[in-house]
């Protein structure tokens, strides 16, 4: 139908190596950029900014950083949370020592501190790999969180032991701190995330990306064809920790506003790791898809569970119906019966729940929380079984089938 | 030092001076002696084979040449100078490329990307340039893509260039591996059992490619192979190893008539 490659011929290597060799993909990307840069900021509510848009972007960025290390260079890491913390604390120290510093510059600079720390904790990767390396990075996790707690210079000797984001101005507008508006914060996050995504795409498709992937796929062969494994692994740690650190700075400065050391503990590392795995290791797009699922789904389920389904506004009910129909269609194209079943089942459960509500059935909010966790857990298991290569692979499959749809081959 | 003038092969090709010389190489793993006091040379432009029964130490020899093992004793001379102990990637950067007995491709990457990794040693754009996809990184990428495409054309794998390597059948994987090694434009190409596990037709294809590579690019080739027919047809000179020792060295005809070689292959009690 609309999604066809017919008639798109490549006559130069530049065209062949373009980011989006299929024209429709480029159109789709522009559509999403338009959505992100113009439509969302104009229409989103305070709740949507704080609960969906900003966290999805920040988590996607953190997962992208981890993905560079784990998905592209094949080095397992469980220290993501701590490296995010390094970025956050570095940013905090910078803006308190140099109050004149431009906040965006401070956020981008803070990544370099986590990059340095990341390289130091990446040194064990030269000798060990796999699960053992994961344990070694776990050391970073414990050590750094301990340091955030004990080294009071880091939080300026606060009595609370937490870092508080001061009000930061840029061109006369508050961009960070209690007085900043959500839209400004959102734009800052969007700008940084867009910038770093472009850089990461370029790095992973070029020479360095191939070096990393070769290291991941077969390190002995990589060394014998001329790859300096030490350099390859340490650059992966540096670039990855940089991105993760910037994500950490954004996490505190553009979202939470304050952070205690235990925010950066293992649960954060695991959450980011789940996003990377569910999104698809070794992909850039997957991080966004994974973040939408892991961050967005609980919010959506909460909203649905908390509202009277049959009294939702026309727009939201249409949106929900379109979502279910779209997912069903795409799963059908990808010949994923399980996925179709899940999408249809979700729609059916929502309807039944709505009907039960009409009959006076109520779920307590505490129970909703529990059900939420169960659904997310089930989804993680579901994805690991049905599509172990993540949402990105699912999307790739859908694209492949969509190009020839409605014909089977 | 032996003569540097070279010789003319049976089919009339001029072979140049010494490219690599192994001098009294011994390789021990603890008490096991894998290679014992072996010397031979590889000359520019020739197809040199190393043969021998299982466990003779052929692959170990290839690993010494490619720098994966450091010999316990002896010297490796390359391009007229003695090679100091170095890491495998440094050896590769000096122009020694190789393929592997068990295919060692990067399974998660496409054929094109795999072959592009062969060009890694020729690319050196900085991190910033690569991140911005601007300037040196971009031009370098295109230049090397062109070279890689020439290799892809040469080995007739155009139709699979965007296919992930994991999906390819065995014979094609072997060819992609050769492509990756060739893309590096090596001075010395090491092939570890390039025909292992192939059927007759695939062997013929591979033999043709090996000869074409030697002919077209003038690449010096050193190969290990079990198929005697293939070895005798392809190579200009053959080293024969048995139990870590060299038992024969010369043209295929000389080797074929060497009594020690015949004994090694047909089996004579060693006492």
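The values are calculated or read from the model by the stated rules, or taken from the named source; none is laboratory data. From a predicted model like this one, the values you see are computed outputs, not experimental measurements. Here the Cβ is made from the backbone with ideal geometry for all residues, glycine too, and neighbour counts use every protein chain on show.
Structure summary
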{"item": "Hey, residue A:290 out of contact with any strand residue (DSSP E or B) (no Cβ under 6 Å at 6 or more places or on another chain), buried (at least 18 other Cβ atoms within 10 Å of the Cβ), within 14 Å of another protein chain (Cβ to nearest Cβ) and farther than 13 Å from residue A:375 by Cα or not", "result": "no"}
{"item": "Listing of helices (runs of 4 or more DSSP H) fully contained in the stretch B:41-135 that carry 3 or more residues being under 19 Å from residue A:214 (Cα atoms) and modelled with pLDDT under 90", "result": "B:127-132"}
{"item": "Hey, residue B:146 part of a loop (DSSP other than H, G, I, E, B), touching a helix residue (DSSP H, G or I) at 6+ places or on another chain (Cβ under 9 Å) and surrounded by fewer than 16 Cβ atoms within 10 Å (Cβ to Cβ) or not", "result": "no"}
{"item": "Residue satisfying all of: in the stretch A:167-186; surrounded by fewer than 16 Cβ atoms within 10 Å (Cβ to Cβ) and closer than 24 Å to residue A:264 by Cα; nearest to the chain's Cα centre (by Cα) among these", "result": "A:178"}
{"item": "Candidates A:38, A:22, filtered to the one that is exposed (fewer than 13 other Cβ atoms within 10 Å of the Cβ) and either under 24 Å from the mean Cα position of the chain (by Cα) or within 14 Å of chain B (Cβ to nearest Cβ) (or both)", "result": "A:38"}
{"item": "Scope the stretch B:1-40; condition in contact (Cβ under 8 Å) with a residue 24 or more places away in the chain and part of a loop (DSSP other than H, G, I, E, B); matching residues", "result": "B:2, B:6, B:9, B:10, B:13, B:16, B:17"}
{"item": "Total residues in the stretch A:224-250, condition over 19 Å from the mean Cα position of the chain (by Cα) and either buried (at least 24 other Cβ atoms within 10 Å of the Cβ) or in contact (Cβ under 8 Å) with a residue 40 or more places away in the chain (or both)", "result": "9"}
{"item": "Top-ranked residue in the stretch A:204-215 [being part of a helix (DSSP H, G or I) and at the interface with chain B (Cβ under 7 Å from one of its Cβ atoms); ranked as surrounded by the fewest Cβ atoms within 10 Å (Cβ to Cβ)]", "result": "A:207"}
{"item": "Selection status of residue A:121, in a helix (DSSP H, G or I) and under 30 Å from residue A:19 (Cβ atoms)", "result": "no"}
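Per-residue answers, yes or no, for (1) under 16 Å from the mean Cα position of the chain (by Cα); (2) more than 25 Å from residue B:174 (Cα to Cα); (3) surrounded by 19 or more Cβ atoms within 10 Å (Cβ to Cβ); (4) not assigned by TED's automatic domain parsing to the domain that holds residue B:171:
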position	(1), (2), (3), (4)
B:211	yes, no, no, yes
B:219	yes, no, yes, yes
B:248	no, yes, yes, yes
B:254	no, yes, no, yes
B:258	no, yes, no, yes
B:264	no, yes, yes, yes
